[in-house]
Structure formats: C-alpha cells, structure tokens
Amino acid sequence: MYCAQLALSLYGKMRKCLWMACLFTFSFSVLTIPSSAQSQSDALRINEFMALNQNTLADEDGEYSDWVEIYNPTASPVNLQGWSLTDEKGQQQKWQFPQVTLGVNGYLVVFASGKDRRVSGQELHTNFQLNGSGEYFALFNPDLTAATEFEPSYPEQTTDVSFGYFDGDYVLLAESTPGAANRFSDQQLLPAPVFSKNHGFYDEPFPVAITSGLQNTQIYYTTDGSDPSQENGTLYSAPVQITTTTILRAISIKSGAFPSRVTTQTYLFLDDVINQPNDPPGYPAEWGPYTAINGMAIADYEMDPEITRAAEYAGLMKEALLSIPTMSISTDRDNLFSASTDSVTGGIYIYTGPPLNNEENGLGFGWERPASVEFFTADGSEEFQVDCGLRLHGGHSRRPEKSPKHSFRLVFRSDYGPARLEYPLFGDDAAQSFNTITLRAGFNNVWHHHSAGERDRSQYVTDSWTKDTFLAMGHVAAHNRFVHLYLNGIYWGVYNPSERMDKDFAVSYLGGNENDFDVIKDYHDEASDGDLGAWNDMMSMANRGLTSNTVYQRIQGNNPDGTPNPSYDKLVDVENIIDYMILNFYAGNTDWDHHNWAATRSRAFSSEGFQFLPWDTEHIFESTNHNMLDENNPDCPSALFQRLRENADFRRLFADRVQLFCFNSGLLTPELVLERWLKRAGEIDIAIIAESARWGDYRRDVHQYQ
C-alpha cells in the first residue's frame, strides 16, 4: 500500500435576536433565490408565506401549520373560485379555492397544512404542506396563468420568519404580518448572493455569475478569502472569470437594509495545488516566535516536487487529493498571519498561545476569528458551507518549534452564523448537531515532529483506532474522519476532524441536560464543564480504600448487596473504567495518564457515574515491551484504578472483561485489532501521498530543530 510505502520512506431583543439569527442561516447546497419569481403588481399575488411555522400563527385546531397569504391589489373585488395553489410544477390546479370573494386591498390567509379544507366562509387549508428547504410554489388564475410563481423554488426558510413581497421583490420579513400589509424594517435582511457554480474541483477556466434576486442591489465580492464589503471588494458587474484556485466570497448591499450574509465558495484547481509554491503572494516568510529557542518559525507552504514529480507518485497526486473529503477554511489573511500583538487584530497562526515552560499560556491563547468552512466530497455527495469561529487547538503542539502544522477548533455560535452545525458529519450513527469540531493535525509520530525517532514511526491512524475500538467495546468515544484541509485555498495537509468532548458531547450520547454534566480533562485542578465536587468525592472515597465491598458498592451508588440506593450518588462506572484501562494497557499508551484523558458524569441521579473517554492516543503500539500496568498518577484514572483493584470483586470483573476482549475472537484479538487498523489506514492510503508532499520534508529542508 502507498501508505506503508511512504511510511517506510518518509513517516438586543428577542425578535432582533431571532432576526439576527436569520442573518446567518446557511444551506448545505447552493441557495436558490427566486430570481425568476414572478408576481404581477396589478393582479392577485402570494403576498407572504411561512413554511416553518412553530410559534407564529395557530390554525383552528390549535396547530402551527404552514400558511400563505393572498393579497388583492386591484381596484375591484375578485372571486377566487377557479384560482389555485400548487407546490408541484405541472399540476397547476393541485388545490383549488372555493367560492370566496377577496375585496379591494383584501388579505386572505390559507393554511398549507395538508388537511384539504375548502368550505366557503370557513378556515381554508390546502392539500399540501410547504417545504422549509425550498420548493416550487405558485398561484394560478382560472386561465392557468401564473399570478405568482417561484420557479425553480423559493429559498431555504427560517423557523417563524416569513417570506414576503416588498417593493417588487420577495424578501425575508423581520416581522410577519398574516392578514395585514407587509412591513419592511430598516433592519431587513437581504438574501445572500447566489453563485452559478458550486464549490468543488475544476480543471478548466469558467465564469461565475452572481445574482441577488432583488432589484437595486449591489454585490461586492473578493477572491482572497477576506470578507467582502463596500470598502473591501470589487463591485460586481459581469461574471467573474475563475482561472485558478479561488475563494470567491460575495455580499449583497441595498440602501435601508442590513447587508446579506456572505456567500462563500471554494474552487480548487488540482494542478495549482500540486504545484503550490513556497511563496504564495501576500503570505509571510516567517510565522510566530519560537518558545523554547530563539528566532521565528520558518514558514512552509510548498508541495515538495520530490514527491509531486517523482515517477512513482506523480500520476497519483490528483487521486490522492480526491480520495478523501475536502474541508476549506476561508478568512481574512490577517486573521491567520497578522504580526500585530493585539488580541483583536493579531494572527492566530503567528501567536499560537502555547503553554510555556511553567505551563502558563502564551500570547494568542484563546484568540478566535470569524471564518467560513466548507466541506465537500469530489463527487458532491456530501457538502455544506457555514460561517463559524476559528481558533487554534492543542497543548504543546502549538509550540512553533515543536510543530509547524497546528490543530484548529471550529466554534459554531450565533456571533458568526448558526448556533450549531446541523449536519451528519460523522455518519448516521453519530450526533447530527455540533457546537464545536476539533481539526486534529497530528502531533506525535508524524513526519513533521521535531524528534527523528517519532518521524521514523510515523502513523496517522493511532488516535482514530483507539476511538473506534472503544466504541466497538460498547462505550462513548469521539467520532472522527479524515479530510484534506485548505486555508484560503492553500493546501494544509491531512487533518482529522473529531468531536470535542465537552458537556454538549455528553448530552448527545448520554442524554440529559448539559448544565448537569461535569467534564474533567487532563489537568484536573479544575473542571472543563461543571465542577469538581463529585470528582473529588470519588477520589477521596477511593483513596480511603475500596477493599471492603461496602465501600466498593457505595462508590457505585449501591447498597452493600449491590442493589441501587437512590440516596447515594453513583460516582464511577466500573465496567467503563475497566474497559478504558484494558484498552490503554493493551495498546501500551506511554503518553498517558498524566494527561490525554477525559471523564464525564451527569449530576442527575440517572447517571451511571464517571465514564472515561480516550483522547489523543498517538503514542501507542510503539513497542511490545511497553508495560503501563503500574501507572498511578494522583487524581487521574490510573490512581482510581489502582484503588479499585484492591477489591476482589473488581479484580474478578476485570478478569472477565479481559477474557471477553482478548480471547475467543474478542475485539482485542490480533485479527480484529488489525482489521480496524487497516480499515483506517485504507482511508488515507492514497491521501497520505499529498500529506508527504506538504510536510514530509519539513524537518530535513526547513527546520531541523533536533
């Protein structure tokens, strides 16, 4: 396999808040603005509708059904008999009005509920419902001529926000007004611009048309990753010619309205990526200051021609870059590389906030910047774009002399875009909604590590293997996958997006309320979430000794006979900690457990006690001689384990779990261990060629350090 070959050769207010939330609504596909929506100003029209009605207008059954408002702007009353509404092109008369007269300047609300009620003088309901994601929608007159037609569809809608007619355009309305005139607020949101080409991979130049769907609207765009505005960008007047790798970002601006959200699309030309130079225009030749040695980190952007042009790899480079999904981060260049030391304007890749010699955090710690992130596969089967916050992640991996390739954290907050990422990033069996995603760069046993020994042992799947195995053992662990990451169109290597273990993660898999969870990590002098009360109680009880079955059962929330006692807190899930320890013992995890662990517990009585979670297991399977059985670090999982093993019942349970996993085709027998390992290795077998070109020569040619 190529992976193996390379390893051997290289290793305000409620409504305002709602309205501002609408500003950041995003779509997982190209947003279709009804630029071809037709509505005759001198005839009946669809004046306003709401496709996601949860709390705005109840029907006669007390249900919040979709609704549509018809308006008569003509000088005469109109009998609606023979008029029709439809959500299906080609079926103009899908739902027909009964004999109802709509007066001059009159409004009629019809619920799009699917209940099909058409009795004159009573509440009207169509035989279809509206799709919040956008669909074809039309009002036809008796001659089967469209009075209003959203073709091919209206745009994706937002909960409890209506879409209405104003000044010749259809826009999201800051205040819904069913049965009354539409009002255009000075805080009105404009629809985001729409591009004629979706993000993805291209090999020939092409034009991109940008439309807004509104009259008298200006569009400004940028091609360098920065936020477009009237002050920063080009006024759109003709399709933008895309001839090379480009980050195209655009915004709509109209007098009297808030600017739209920014539309972002990344267009990648693989020939450009493969020939990526070491001096991209506008990017610095040095990154941030070293922390343990003098000097500044030498910047490195190049794709190494020793790999990209090598006979055995040149023909595989494009396949390598297409073999796993792509993640593209776009942000103002200064957000990453500004030399300013200001906490607002400084670059997060220049000042990385690393732990220093006495473990305080350095300049840049916690800095967060606005960004766009796109995710897409080569065939377009998976994709999204969303605005978010971007910050660096990790501990010593943020020290520039130790690693030039840093991990990131994507933060989803209403400050930037949607409050959560709503997308099945890790498949249907994992959480579908996230407040944070960690983009793991890999730090230990990788080609860019500062130690020659670790470069010789380069592996990129160790942490994934551990998480996969713990999930297979029946416990909670972070789901993850591999992507190629780009920063403003510059290829940055293979990354490993992973769920971040916090209270939100705990709720996703353990249920309950996030405010009930304690999350303890690594350095246990404070809780990441919640507090240390239950943790300290557990460790105090363990340190007093667990030989007695009375105390052993008590720490589990049980009576001496093992039956649950509702008045006792369940402090530890003994089966979980046994399996967690077996896994780390089996793999010989030498960078643990003085750090690189996490534990979580709900303070609700339904809790099963503290559960331990694997994290950052990059130092495993390094030697068959590594023995971690005596690991015993104060206030860490190992200390709790050493106290628990004093109890005979615990030892018997431990032996049972070893028997389960290590014998008779158990999950830790060699064949199944290898199967999971090769599955992960196979995912990046070709992709790792691109990683080798990006970072494989760093310690030889750029910064040797040790």
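The values are calculated or read from the model by the stated rules, or taken from the named source; none is laboratory data. As the structure is a computational prediction, the values presented were derived from the model and not from experiment. Note: ideal-geometry Cβ built from the backbone for every residue, glycine included; neighbour counts use all protein chains shown. Note: accessible area is taken over every heavy atom of the protein model, side chains too, but ligands, DNA and RNA are not part of it. Shrake-Rupley method; radii C 1.70, N 1.55, O 1.52, S 1.80 Å.
Compute the FRET efficiency between Ile293 and Asn358 as 1/(1 + (r/R0)^6), taking r as their Cβ-Cβ distance and R0 = 22 Å, and round to the nearest 0.05. Rounded to the nearest 0.05, the efficiency is 0.85. May I ask for the distance between the Cα centers of region 219-275 and region 607-636, given as a whole number of Å? Distance between centres, Cα-based: 47 Å. Think of it as helices only: each DSSP H run of n ≥ 4 in the chain is worth -39500 (n - 2.57), and spread over all residues that comes to -5500 deg cm²/dmol at 222 nm. Take every pair of alpha-carbon atoms less than 8 Å apart whose residues are at least six positions apart; their mean separation over the length of region 553-706 yields a relative contact order of 17 percent.
In a fully extended conformation the segment linking Arg700 and Asn55 would gain 226.0 nm over its present Cα-Cα distance, using 0.36 nm per residue.
At the residue level, His626 shows approximately 70 square angstrom of accessible surface with a 1.4 angstrom probe and all protein chains present. Here's how it looks for Val446: its modeled amide H is under 5 Å from those of Gln459, which are all 5 or more places away or on a different chain.
Summing Cβ point charges (Lys, Arg +1; Asp, Glu -1) relative to the Cα centre of the chain gives a dipole of roughly 320 debye. If you take the alpha carbon atoms of region 73-212 and fit the smallest convex hull around them, that volume is 156 Å³ per residue. Per-atom-type breakdown for the chain gives carbon and sulfur 47% of the accessible area (1.4 Å probe, protein chains only). The distance separating the Cα centre of region 548-587 from that of region 367-391 comes to 42 Å. Which of rounded, prolate, oblate describes region 365-412, given a ≥ b ≥ c as roots of the alpha-carbon gyration tensor eigenvalues and a/c under 1.5 marking rounded, otherwise prolate only if a/b is larger than b/c? It is oblate, given that a/c is not under 1.5 and a/b is not larger than b/c. Per residue, the solvent-accessible area of region 494-537 (1.4 Å probe, heavy atoms of protein chains only, all protein chains present) comes to 42 Å². The gain in end-to-end length when the Glu88 to Arg603 segment is fully stretched comes to 180.3 nm, 0.36 nm per residue minus the alpha carbon separation. Give the Kirkwood hydrodynamic radius (Å, one decimal) of region 404-474, defined as one over the mean of 1/r across all pairs of different Cα atoms. Its Kirkwood hydrodynamic radius stands at 14.6 Å. Each label was represented as a point 7 Å from its Cα along the Cα-to-Cβ direction; for Thr74 and Leu678 these points are 7.4 nm apart.
For region 450-582, the Stokes-Einstein estimate of translational diffusion at 10 °C and a viscosity of 1.306 mPa s comes to 88 µm²/s, using the Kirkwood hydrodynamic radius over alpha-carbon pairs. The phi-based Karplus calculation (6.51 cos²θ - 1.76 cosθ + 1.60; θ = phi - 60°) puts the 3J(HN,Hα) values of region 375-381 at 9, 7, 9, 4, 8, x, 6 Hz, whole numbers, x for Gly and Pro.
Mean sequence separation of contacting Cα pairs (under 8 Å, at least six apart), scaled by the length of region 353-484, corresponds to a relative contact order of 15 percent. In plain terms, if you count all Cα to Cα distances in the chain and split them into 10 Å steps from zero, the share in each step is 3, 13, 20, 21, 17, 14, 8, 3, 1, 0 percent.
Based on C-alpha pairs under 8 angstrom that are at least 6 apart in sequence, region 72-121 has a relative contact order of 38 percent. One Cα centroid belongs to region 467-522, the other to region 142-208; the line between them spans 36 Å. Projecting the Cα atoms of His393, Phe137, Ser84 onto the charge dipole of the chain (Cβ charges, centred on the Cα centre) puts His393 farthest toward the positive pole. Sorted largest first, the principal axis extents computed over the alpha-carbon atoms of region 338-389 equal 48, 23, 15 Å. In summary, the lysines within cross-link reach of Lys402, defined as a Cα separation below 23 angstrom excluding same-chain residues under 8 places away, comprise Lys521.
Computed across region 181-242, the Kirkwood radius stands at 13.6 Å (inverse of mean 1/r, all Cα pairs). Calculation over all alpha carbon pairs of region 217-316 in 5 angstrom steps from 0 returns a P(r) of 2, 11, 14, 15, 13, 13, 11, 10, 6, 3, 1, 0 percent.
Of the trypsin sites (Lys or Arg not before Pro) found in region 463-551, those that fall in a DSSP loop while having at most 13 other beta-carbon atoms within 10 Å are Arg544. Using R0 = 35 Å, the C-beta based FRET efficiency linking Gln432 and Ala180 works out to 0.40. For Asp304, the residues whose amide H sits under 5 Å from its own are Arg694, ignoring neighbours fewer than 5 places away on the same chain, with H placed 1.01 Å from N. Solvent exposure of region 130-267, expressed per residue, is 38 Å² of accessible area, with all protein chains present and a 1.4 angstrom probe.
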